[in-house]
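Engineer: Quick one: this structure, given as structure tokens, is what I'll be asking you about.
The values are calculated or read from the model by the stated rules, or taken from the named source; none is laboratory data. These numbers come from a predicted model, not from an experiment. For neighbour counting, all protein chains shown are included, and Cβ atoms are generated from backbone atoms with ideal geometry for every residue, glycine included. We work out accessible area using only protein heavy atoms, side chains counted, and drop any ligands, DNA or RNA first. Shrake-Rupley method; radii C 1.70, N 1.55, O 1.52, S 1.80 Å.
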Amino acid sequence: MKKAIITALKIIIPLGFGIYLAWYFFDQMSEKDKAQVWDVFSRANYFYIFLSIIMAWFAIYSRAVRWSYMLEPLGYKPKTWNNYHAISIGYFMNLLIPRAGELTRAGMMTRYEKIPFEKGFGTILAERVVDTVMLGSIALVTIFLQKEKFNELWASYGSMKKEGEESNTMLYVLIILGVLGLIALVFYLKNKKLRNKINEIFRGFVSGLATIFTLKKRGLYLLHTFFIWGMYVALYLVCFYALPETSEYSASSLMLGFIGGAIGIVVVQGGVGVYPLLVASAIAVYYGKDSQPVVLGLAWVMWLGQTLVLILSGAISMYLMPKMNENKI
């Protein structure tokens, strides 16, 4: 019962936060701006959205190939398609339950490729470190080159409220994060079984991280890493060609939105509500608040397209992976 309540809170709190922010921001808009948001859905050129979906699929497959390079030093050579299916299923699960995707992904490989859970999970955590470094590098370069605009963006979040009204959203977020952190610490200290499990996962993480330094195909690993993140940036940028007005935006002016959207996906599972809001807020720093309704509508179209590919690829993989591995069960 206690475990079910904790799982429910992990889903409800971030999801509720994202939905609240989306509603709150939309509620502040004029009727004209709201009409502009809805208008985007009818006049967007969905060829570019489809193109971004194809790019997302290539990024997932490239991630599957890259994972093989991390598992090889541990003595495992799984099928690339099993890697792909496990990753797709993991992304699908992450839309439902925060961080459940990583556990599911490792579990699928334990079942069908006989890779010990802690080792598979360790490589996934190590992979997250590499991805964090990549995102951090992109963010630092963007902020360094456009620090004045970044300061404007930071200040603009305080303006997402009715005139004369104080916003305590950030304070509430910090309080929620503090309470959740305190609860997690108490559970860790009091539950010996949980403590041992976390320590076991940490050892697996260290083992997985160590594989990065013992890779036999380090050049290919780096090549796939740059390809994956190149696809992430490209699939984001190409969507802005879907509308005549946004197609004229420069790539450099759109990168703050890329960083904001990435943060939104981390904060709330799948970026529900938060992703479009952060993308639109960031780009409005360059093109003014008049651009916000149009970009917000387009960001929702982008988010729906990317979420759709995760749902479809995950559902297909959930069907195909058991079929392809019937003789391994």
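Engineer: Collect the residues in region 279-329 that are among the aromatic types (Phe, Trp, Tyr) and in contact with a Lys or Arg (Cβ under 7 Å, 6 or more places away or on another chain), keeping them in residue-number order.
Structural biologist: Matches in region 279-329: TYR286 only.
Engineer: Follow-up question, since we're still on this one. When region 274-291 is examined, which residues are found to be crowded, with 22+ Cβ neighbours inside 10 Å and not small (Gly, Ala, Ser)?
Structural biologist: VAL274, TYR275, PRO276, LEU277, LEU278, VAL279, ILE283, VAL285, listed by residue number.
Engineer: Still on this structure, I have one more. Hey, can you tell me all the residues within region 93-107 that are touching a Ser or Thr at 6+ places or on another chain (Cβ under 7 Å) and of a type in the set (S, T, N, Q)?
Structural biologist: none
Engineer: Need pairs with beta-carbon distance below 6 Å; first residue within 11 Å of PHE240 (Cβ to Cβ) and within region 39-53, second at pLDDT 90 or above and hydroxyl-bearing (Ser, Thr, Tyr); sequence gap 6+ or separate chains.
Structural biologist: As it stands, the answer is TYR48/TYR241, since those pairs meet every condition given.
Engineer: For region 74-92, which residues satisfy the criterion of being among the hydrophobic types (A, V, I, L, M, F, W, C) and surrounded by 21 or more Cβ atoms within 10 Å (Cβ to Cβ)?
Structural biologist: Residues satisfying the conditions are ALA86, ILE87, ILE89, PHE92.
Engineer: Now for a separate question. Of the residues in region 270-298, how many are within 21 Å of MET231 (Cα to Cα) and not hydrophobic (A, V, I, L, M, F, W, C)?
Structural biologist: Looking only at that region, the number is 4.
Engineer: Could you pull out the residue among MET302, MET318 that is buried (at least 18 other Cβ atoms within 10 Å of the Cβ), of a type outside the set (Gly, Ala, Ser) and in a helix (DSSP H, G or I)?
Structural biologist: Just a single option satisfies the conditions, and that option is MET302.
Engineer: Could you say which residue among GLY257, GLY264, GLY271, GLY230 is modelled with pLDDT of 85 or more and crowded, with 23+ Cβ neighbours inside 10 Å?
Structural biologist: On inspection, the qualifying residue turns out to be GLY257.
Engineer: For TYR91, work out the one condition from (1) touching a Gly at 6+ places or on another chain (Cβ under 9 Å); (2) closer than 20 Å to LEU215 by Cβ it doesn't fulfil.
Structural biologist: In the conditions (1) touching a Gly at 6+ places or on another chain (Cβ under 9 Å); (2) closer than 20 Å to LEU215 by Cβ, TYR91 misses (2) alone.
Engineer: Just to be sure, is ARG111 free of Cβ contacts under 8 Å to residues at least 40 places away in the same chain, open to solvent by 30 Å² or more (accessible area, probe 1.4 Å) and of a type in the set (D, E, K, R)?
Structural biologist: no
Engineer: Further, regarding this structure: From the list LEU145, LEU71, LEU95, LEU51, pick out the single residue that is surrounded by fewer than 19 Cβ atoms within 10 Å (Cβ to Cβ) and more than 26 Å from VAL294 (Cβ to Cβ).
Structural biologist: LEU95
Engineer: Now for a separate question. Within region 283-319, which residues are free of Cβ contacts under 8 Å to residues at least 60 places away in the same chain and small (Gly, Ala, Ser)?
Structural biologist: GLY288, SER291, ALA299, listed by residue number.
Engineer: Same structure again: Looking only at region 123-141, decide whether some residue is within 16 Å of VAL266 (Cα to Cα), assigned to a loop (DSSP other than H, G, I, E, B) and either modelled with pLDDT of 75 or more or touching a Leu at 6+ places or on another chain (Cβ under 8 Å) (or both).
Structural biologist: Among the residues of region 123-141, not one is within 16 Å of VAL266 (Cα to Cα), assigned to a loop (DSSP other than H, G, I, E, B) and either modelled with pLDDT of 75 or more or touching a Leu at 6+ places or on another chain (Cβ under 8 Å) (or both), which makes the answer no.
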